[in-house]
Amino acid sequence: ARAQIGVTGLAVMGRNLARNFARHGYTVAVHNRSFGRTQSLIADHGDDGDFVPSESMADFVASLARPRKIVIMVKAGAATDAVIAELVPLLEEGDIVIDAGNAHFPDTRRREAELRAHGLHFVGTGVSGGEEGALNGPSIMPGGSVESYEWLGPIFEDISAKVDGVPCCTHVGADGAGHFVKMVHNGIEYADMQLIAEAYDLLKQGLGASAAEIGEIFAQWNTGDLESFLIEITAEVLAHTDPETGAAFVDVVLDRAEQKGTGRWTVQNALDLGVPITGIAEATFARALSGSVPQREAAVGTLVADASSWDVTDRDAFIEDVRLALYASKVVAYSQGFDQIAAASAEFGWDIDRGAMARIWRGGCIIRARFLNRITEAYERTPNLPLLLADEYFTAAVGNGVGAWRRIVSQAALNGVPTPAFSSSLAYYDGVRAERLPANLIQAQRDFFGAHTYQRTDRAGVFHTEWTTDRSQTQES
Ligand code: NDP
């Protein structure tokens, strides 16, 4: 038994992860349900390093040095449970099972508890960066026990992406914390993509600019505060010409966004925790709206627009306004996502270091961006920062763009251009900074129809008004 790490599940992600381990000098045990994939990995990439292929799970397990470290990289859900069920009887106390697929964190919590009862470590690990990242350095978000990270940390940090020499991998927290954080990462990715799409639409509708012209604007933006992988690929996509028609590629792509579910999980969890992640929610619903075909067919050409036709006079000023509004909305989306991480961390006892999460997202993953450094710095300044937006750097950076943000959202509304993520982010910003919200009226209504009680602004206590009789007030506690 000489392999230092094992990978079972050798489709695109597992194969590339196994190659990444091998290229870093580890002896890698490899296995896949159907042996053909294992054979083709060895045939195509055997010279990447030292692989130990096995056809049976028993031989695979036997080829690993103890404590065994086994990465499962199969289709999330029932397949993961099937592989775990096959593995567990073959393992020994102290062995470490790592699920690097996109599991939903409650499943990870369940599996961790089950394997712990067998004396095994179970490490749900978020891996971001797609197949390219898996091969050349992903962002890695391992949960599970501290003890398991003592074994895994050095290996995972070794194969992860590096930014300024710092690995994009750290221990996130116990049981499902790693998969939770990966889920929120994906939710933020949804918000980021929607915000970029809205900026594109604003430039298109406001300026009547072509895809190629907008691509140049994004390329320019990528040299400043907005520098990120998503802005960079947006510029490339917008510059691409469809080889079939010669038209701009984006102009021939059908406008229906699909999703695999992590955005939905993020929003569902935010509802459970009571955290307003409006940017991610609007982004998820915007995809749903784009796919609401019968509704859109019923509405197009039927619903009254009564909108102006957009007439931007100062092109450069408008572009700068859109840029500032995009940046401000993006800060809101991240601030909300980090609030959700804080709430879950408290709920599940994970003690997640939010600054460290921003640090390990700087490289390897889809939301990698220059701006994540600013988030890490904010949490270093104030580890228990209650609101990222209220950090001194972001207060100033967003404050600088608020006027632009208001101009863009109001002009979009007047001109009938939908900006769900831009406008809901501005509404959140104004809501969270309001001295007084109209929730006073909501509480009064609730007390009226359901005797749900209210508190007063002028003294402590819980009160109820006898709405249907003499409207006298009673103090309940
Ligand atoms: P797939 O999700 O397409 O899964 C295919 C793999 O799962 C194959 O190895 C297949 O084995 C195995 N498998 C399926 N059902 C079973 C089963 N019942 N028992 C044993 N093995 C089974 O592969 P990907 O490489 O795309 O993704 C792997 C994981 O990584 C997924 O959880 C995915 O969500 C996650 N992920 C994917 C990313 C991506 O960019 N694709 C990015 C980050 C995470 P066989 O060859 O025998 O059919």
- Item | Segment Q445-D81, length gained on full extension (0.36 nm per residue, minus Cα span) | 126.2 nm
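Sort the following peptides by mean Cβ neighbour count (other Cβ atoms within 10 Å, averaged over residues), highest first: 115-125, 168-178, 463-473, 203-213. Walk me through the numbers before you get to the answer.
Values: 115-125: 20.5, 168-178: 25.5, 463-473: 10.8, 203-213: 17.0.
Packing proxy ranking, top to bottom: 168-178, 115-125, 203-213, 463-473.
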- Item | segment 330-467 - percent relative contact order, Cα under 8 Å, separation 6 or more | 15 percent
- For segment 293-365 and segment 1-71, distance of Cα centres in Å: 40 Å
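I need the calculated FRET efficiency for the pair A58 and R116, taking r as the beta carbon distance and R₀ as 25 Å, to the nearest 0.05. Numbers along the way, then the final one.
On the way: r = 23 Å, r/R0 = 0.93.
Taking R0 as 25 Å, the efficiency between A58 and R116 is 0.60.
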- Counting sequence-distant residues (5 or more places) and residues on other chains, those with an amide H built under 5 Å from that of V52 are V28, A29, V30
- Item | Accessible surface, per residue, of segment 1-159 when the full set of protein chains is kept, probe 1.4 Å, Å² | 39 Å²
- At A396 and E347, where each label point lies 7 Å from the Cα along Cα→Cβ, what is the point-to-point distance in nanometres? 3.5 nm
- Query: Karplus couplings for segment 380-388 from phi (6.51 cos²θ - 1.76 cosθ + 1.60, θ = phi - 60°), rounded to Hz, Gly and Pro as x?
  - Reply: 6, 4, 9, x, 9, 2, x, 8, 4
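Quick check on packing: order 99-112, 322-335 by the mean number of other C-beta atoms within 10 Å, highest mean leading. All intermediate terms of the calculation are to be shown ahead of the outcome.
Values: 99-112: 22.1, 322-335: 26.1.
Highest to lowest by the protection proxy: 322-335, 99-112.
Over segment 286-395, calculate the relative contact order: mean separation of alpha carbon pairs under 8 Å at least 6 apart, over the residue count, as a percent.
On the way: 60 pairs, mean separation 19.8, N = 110.
Rounded, it is 18 percent for segment 286-395.
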- Query: Relative contact order, percent, of the chain when contacts are C-alpha pairs under 8 Å separated by at least 6 residues?
  - Reply: 12 percent
- Message: On C-alpha positions alone, give me the angle between the axis of helix 146-159 and the longest principal axis of the chain, in degrees, nearest 10.
- Response: 90 degrees
- Separation in nanometres of the label points that stand 7 Å from Cα toward Cβ, at E236 and T469: 7.3 nm
- Tell me, what is the 1.4 Å probe accessible area of R368, in Å² to the nearest 10? 70 Å²
- Query: Computed over the Cα atoms of segment 346-477, what is the convex hull's projected area averaged over all directions, in nm²?
  - Reply: 13.4 nm²
- Label-point separation in nm, E320 to V462, each point 7 Å along Cα→Cβ: 5.4 nm
- Classify the chain as rounded, prolate or oblate, taking a ≥ b ≥ c as the square roots of the eigenvalues of its Cα gyration tensor: rounded when a/c is under 1.5, otherwise prolate if a/b is larger than b/c and oblate if not. oblate
- Taking only protein heavy atoms and a 1.4 Å probe, the highest-to-lowest accessible-area order of S410, S425, S309 is S309, S410, S425
- With the Cα gyration tensor of segment 399-477 giving a ≥ b ≥ c as the square roots of its eigenvalues, does the rule (a/c under 1.5 for rounded; else a/b larger than b/c for prolate; else oblate) give rounded, prolate or oblate? prolate
- With R₀ set to 41 angstrom, the calculated FRET efficiency between the beta-carbons of L90 and L271, to the nearest 0.05, is 0.55
- Query: On a 0 to 90 degree scale, rounded to 10, what angle separates helix 439-450 from the longest Cα axis of the chain?
  - Reply: 90 degrees
- Item | 3J(HN,Hα) from dihedral phi, segment 283-293, Karplus parametrisation 6.51/-1.76/1.60, rounded to Hz, x for glycine, proline | 5, 5, 5, 5, 5, 5, 4, 4, x, 7, 4
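The values are calculated or read from the model by the stated rules, or taken from the named source; none is laboratory data. Model, not experiment: these values are computed from the prediction. No Cβ is skipped: glycine too gets one built from the backbone with ideal geometry, and neighbour counts run over all protein chains shown. Remember, those area values only see protein heavy atoms, side chains included, never the ligands or the DNA or RNA. Shrake-Rupley method; radii C 1.70, N 1.55, O 1.52, S 1.80 Å.
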